[in-house]
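Engineer: One structure follows; several queries about it will come next.
The values are calculated or read from the model by the stated rules, or taken from the named source; none is laboratory data. Keep in mind that this is a model prediction, so the values were computed, not measured. Cβ atoms come from the backbone with ideal geometry, glycine included; neighbour counts cover every protein chain shown. Please note that ligands, DNA and RNA were not included when accessible areas were found on the heavy atoms of the full protein model with its side chains. Shrake-Rupley method; radii C 1.70, N 1.55, O 1.52, S 1.80 Å.
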Amino acid sequence: MLGKIFKREKSNAAIPEGKRVYAIGDIHGCAEMLTSLLDTIADDIDDLANATLVFLGDYIDRGPDSRAVIDRLLELKTSNVETYFLKGNHEASMLDFLDAPEDLAHWLDWGGDETLESYGIDPVAKTPDAIAAEFIEQMPAEHLRFYRALDLYHVEGDYLFVHAGVRPGVPLKEQDPMDLMWIRKRFHNAAASERPEHVVVHGHHPEDKPIDAGWRIAIDTGACYGGMLTAVALEGTTRRFLTIDAN
């Protein structure tokens, strides 16, 4: 898996002086691609310890090894790298399933089966309650703490990092968490007068390639569907995309 670095773009929005922020899009269980992207970032900055890493959520489901993804993220969290981990709708759905398995078993159809299998659980012919009980038993305690501690958004300078987007015209502190994790078209199609004061860096909606629309940057590029895993590098007023192909 080879890393690619796209051309540098300039913007009026800025990251605080002396920082280089890498935001990483939806990983969805693609552990090998995550390792390759982190290696590409380390080469780009010489040492990950000099970077700020913001992960936009959807670490689990659909891809082949959700558990390995969380193990790698926990390694970063306990290292000397500055990291921020946001909650995606898939983490939220998984936690909802654990709290009310009979009512929220649809998580299993959204890629939850693949997540369970990565933790050594075969969900076939089992009730949702039994699956949830086995999942809690099999999941390392630090994984559950990680899932439950995820943030909804992060701000660096003129940039807002969030999984899905924001409700147009609503101040950040008044945003509904559901919108931050789930919103799509209403955010993507926001009129100029309704757009937030920050440039929004988000994932959630798979695209064929990363999108820099000026006021928003979309970096879910469908890693789990055979697409790319993407990071955007932000430093000063510049923006660059780093990508890893599935093959």
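Engineer: (1) farther than 17 Å from Ala231 by Cβ; (2) at pLDDT 95 or above: which one isn't true of Ser79, the others all being true?
Structural biologist: For Ser79, the exception is condition (2).
Engineer: Taking Ile15 and the conditions (1) free of Cβ contacts under 8 Å to residues at least 60 places away in the same chain; (2) outside any helix (DSSP H, G or I); (3) over 17 Å from His205 (Cα atoms), which numbered condition does it fall short on, given that it satisfies the others?
Structural biologist: Against the list (1) free of Cβ contacts under 8 Å to residues at least 60 places away in the same chain; (2) outside any helix (DSSP H, G or I); (3) over 17 Å from His205 (Cα atoms), Ile15 comes up short only on (1).
Engineer: Something else now. Being basic (Lys, Arg) and crowded, with 20+ Cβ neighbours inside 10 Å narrows it down to one residue among Lys87, Lys77; which is it?
Structural biologist: Lys87
Engineer: Could you say which residue among Arg72, Arg20 is surrounded by 16 or more Cβ atoms within 10 Å (Cβ to Cβ), closer than 30 Å to Pro128 by Cα and not polar (S, T, N, Q)?
Structural biologist: Among Arg72, Arg20, only Arg72 is surrounded by 16 or more Cβ atoms within 10 Å (Cβ to Cβ), closer than 30 Å to Pro128 by Cα and not polar (S, T, N, Q).
Engineer: In segment 193-211, what residues are closer than 30 Å to Gly226 by Cβ and open to solvent by 40 Å² or more (accessible area, probe 1.4 Å)?
Structural biologist: Across segment 193-211, the qualifying residues are His205, Pro206, Glu207, Asp208, Lys209, Ile211.
Engineer: Please tell me if Glu174 is more than 22 Å from Ala42 (Cβ to Cβ) and of a type outside the set (Gly, Ala, Ser).
Structural biologist: yes
Every residue, every condition in (1) buried (at least 18 other Cβ atoms within 10 Å of the Cβ); (2) in contact with a strand residue (DSSP E or B) (Cβ under 7 Å, 6 or more places away or on another chain); (3) modelled with pLDDT under 95, yes or no:
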| position | (1), (2), (3) |
| --- | --- |
| Glu9 | no, yes, yes |
| His28 | yes, no, no |
| Leu53 | yes, yes, no |
| Asp58 | yes, no, no |
| Asp65 | yes, no, no |
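Engineer: From the list Val155, Val166, which residue is modelled with pLDDT of 95 or more, open to solvent by less than 10 Å² (accessible area, probe 1.4 Å), in contact with a His (Cβ under 9 Å, 6 or more places away or on another chain) and on the phi < 0 side of the Ramachandran plot?
Structural biologist: Answer to the check: Val166.
Engineer: Also, I was wondering about something else. Among (1) closer than 18 Å to Met178 by Cα; (2) crowded, with 18+ Cβ neighbours inside 10 Å; (3) at pLDDT below 95; (4) not small (Gly, Ala, Ser), which single condition is His106 missing?
Structural biologist: His106 satisfies every listed condition except (2).
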